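Q: One structure, pasted below without further comment.
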Amino acid sequence: MTAETLLFVGTLTRDVPSFDPARGRGIITLVLDSRSGGLSRITETAGIDNPTYLALDSANHFLYATSEVYEWHEGTVTGYRVDLASGLLTYINKQPTLGHLSAHVSLVPSGRYLVVANYSAQKPDVAPGRSVTVLPVHNGWICPPSHSLVRHGSGPLASQERAHAHCTTTTRGDGLLALADLGTDEVIFHRLDADSGRLSEPIQALKLPPGSGPRHVVFSDCGRRLYVINEWSSTIALVNWDEALGRFKHTQTVSTTPDGFSGANRSAAIALSPDGRWLFGTNRGHDSVVVFRIDPEFGQLSPVGYHTTGGRTPRSCAIDPTGQFLLIGNQDGHSIKVFRIDEHAGTLIDSGTQFAIASPMCITFLASA
């Protein structure tokens with residue numbers, strides 16, 4: 001690992017009604033100094049609307065970005081070739097995501113398929129769209145969808161008037177896919193066929209407490225443990241595989257905000273440290289990042305502390321490949337805060353870097369070599 005690591009930041013370029021005015025300019029390439037925690041701007045890639053979520057392949061050859069645009073009936077996902085020497089992105093192609101407000105894109109570990117979660121499968125005035133779409137990729141080229149599905153249902157909150165697919169993640173080996181549905185308070189598990197690129201019927205729909213709003217999910221390395229950050233209840237749920245029952249089971253819920261906090265808050269991003277010892281979650285409203293210690297045997301979470309992010313609306317977070325630094329993107333604070341992670345205690349140490357960047361939505365590091 002060199003002393004400098006490339007990262008990419010997707011920014012909001014077009015206004016969305018529920019957000020502050022957009023100030024972004026596309027996808028920004030930065031470099032992190034792994035000695036000091038300093039950030040430097042390398043280049044920017046324009047010509048893409050609202051790249052609110054990014055995904056890199058494991059070889060760091062290709063970057064994929066969703067376009068989450070309010071006025072569009074369908075979102076898109078765009079592919080780029082990455083020049084590791086310069087940080088420049090070269091456009092390859094794009095495909096429609098078959099649904100409205102494409103909020104998340106993930107790449108399965110083999111690199112053969114992209115999976116896109118469309119937050120609003122449809123606009124109220126048009127025909128139904130697809131909630132989740134699988135797209136094959138070949139040498140960076142995004143192919144037409146191999147499969148898609150529609151989610152149905154609702155929750156008790158006004159914002160849960162229908163299903164809202166928000167995030168997918170896949171275990172190593174590409175076999176098991178978990179989908180967080182913010183609208184129905186469920187995490188749905190599917191099998192992904194490696195040859196056809198088709199999703200099975202749900203093998204389990206795990207119901208979380210009403211009004212939770214599952215937003216983002218992350219698997220442990222073993223694939224038998226899942227952490228879910230819930231936007232509306234400001235909680236993180238631990239979900240463990242139960243061998244006896246042959247299914248996943250919700251085993252713990254912890255708050256992302258400190259005891260006594262009573263203000264408005266919506267939890268956002270979740271990140272698991274490379275060594276599996278620490279879990280981080282961001283709070284929009286409390287404007288903080290929470291740190292949890294992970295029990296190595298059963299995965300239970302114990303709070304370590306809460307740290308202000310130095311800006312409004314910390315939407316995204318990412319850990320550098322060395323596990324030394326946690327970066328927080330303050331969407332409405334127009335900045336990225338860099339913390340050093342104490343490897344022994346899990347506490348966050350201010351690196352002194354508060355990097356100015358307009359409307360940051362997603363931060364993605366190059367994968368570890």
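Q: Restricting to the range 90-108, what's the tally of residues that are in contact with a Gly (Cβ under 9 Å, 6 or more places away or on another chain) and in a strand (DSSP E or B)?
A: Adding up the residues that qualify gives 10.
Q: Quick check on my filter: what residues within the range 149-165 are assigned to a strand (DSSP E or B) and either touching a helix residue (DSSP H, G or I) at 6+ places or on another chain (Cβ under 7 Å) or crowded, with 21+ Cβ neighbours inside 10 Å (or both)? Before the answer, list the steps.
A: Taking the range 149-165 and keeping what is assigned to a strand (DSSP E or B), we get 149, 165.
Selection gives 165 alone.
Q: Give the range 75-89 a look and list any residue that's surrounded by 21 or more Cβ atoms within 10 Å (Cβ to Cβ) and in a loop (DSSP other than H, G, I, E, B), or say none.
A: Passing the criteria: only 75.
Q: For the range 326-369, which residues satisfy the criterion of being among the basic types (Lys, Arg) and within 25 Å of residue 103 (Cα to Cα)?
A: Restricting attention to the range 326-369, the residues satisfying the condition of being among the basic types (Lys, Arg) are 337, 340.
Hit for the range 326-369 is 337, nothing else.
Q: Scan the range 224-242 and tell me whether some residue there is assigned to a loop (DSSP other than H, G, I, E, B) and exposed (fewer than 15 other Cβ atoms within 10 Å of the Cβ).
A: No; the residues of the range 224-242 include none that is assigned to a loop (DSSP other than H, G, I, E, B) and exposed (fewer than 15 other Cβ atoms within 10 Å of the Cβ).
Q: Of all residues in the range 205-219, count the ones that are surrounded by fewer than 17 Cβ atoms within 10 Å (Cβ to Cβ) and either modelled with pLDDT under 95 or part of a strand (DSSP E or B) (or both).
A: The first filter runs over the range 205-219 and keeps only residues surrounded by fewer than 17 Cβ atoms within 10 Å (Cβ to Cβ), leaving 205, 207, 209-211.
Of the ones still in play, those that are also either modelled with pLDDT under 95 or part of a strand (DSSP E or B) (or both) are 205, 207.
The number of residues fulfilling the criteria is 2.
Q: Taking strands (runs of 3 or more DSSP E) that do not extend beyond the range 245-347, which have at least 2 residues that are buried (at least 21 other Cβ atoms within 10 Å of the Cβ)?
A: It comes to 266-272, 278-284, 288-294, 314-319, 325-330, 335-341.
Q: Here's something else I'd like to know. Among the listed residues 168, 184, identify the single one that is touching a Ser or Thr at 6+ places or on another chain (Cβ under 8 Å), outside any loop (DSSP other than H, G, I, E, B) and among the polar types (S, T, N, Q).
A: 168
Q: For residue 246, work out the one condition from (1) at pLDDT 95 or above; (2) at positive phi; (3) not hydrophobic (A, V, I, L, M, F, W, C) it doesn't fulfil.
A: (1)
Q: Follow-up question, since we're still on this one. List, please: which pairs have Cβ atoms under 9 Å, are six or more places apart or on different chains, and start with a residue in the range 307-325 that is on the phi > 0 side of the Ramachandran plot and end with one that is assigned to a loop (DSSP other than H, G, I, E, B) and surrounded by fewer than 19 Cβ atoms within 10 Å (Cβ to Cβ)?
A: Close Cβ pairs (under 9 Å, with a partner that is assigned to a loop (DSSP other than H, G, I, E, B) and surrounded by fewer than 19 Cβ atoms within 10 Å (Cβ to Cβ)) amount to 313/19; 313/20; 313/285; 323/273; 323/274; 323/275; 323/343.
The values are calculated or read from the model by the stated rules, or taken from the named source; none is laboratory data. The shown structure was predicted, so the numbers you read here are calculated from the model rather than taken from an experiment. Here Cβ is always computed from backbone atoms with ideal geometry, including for glycine, and neighbour counts include all displayed protein chains.
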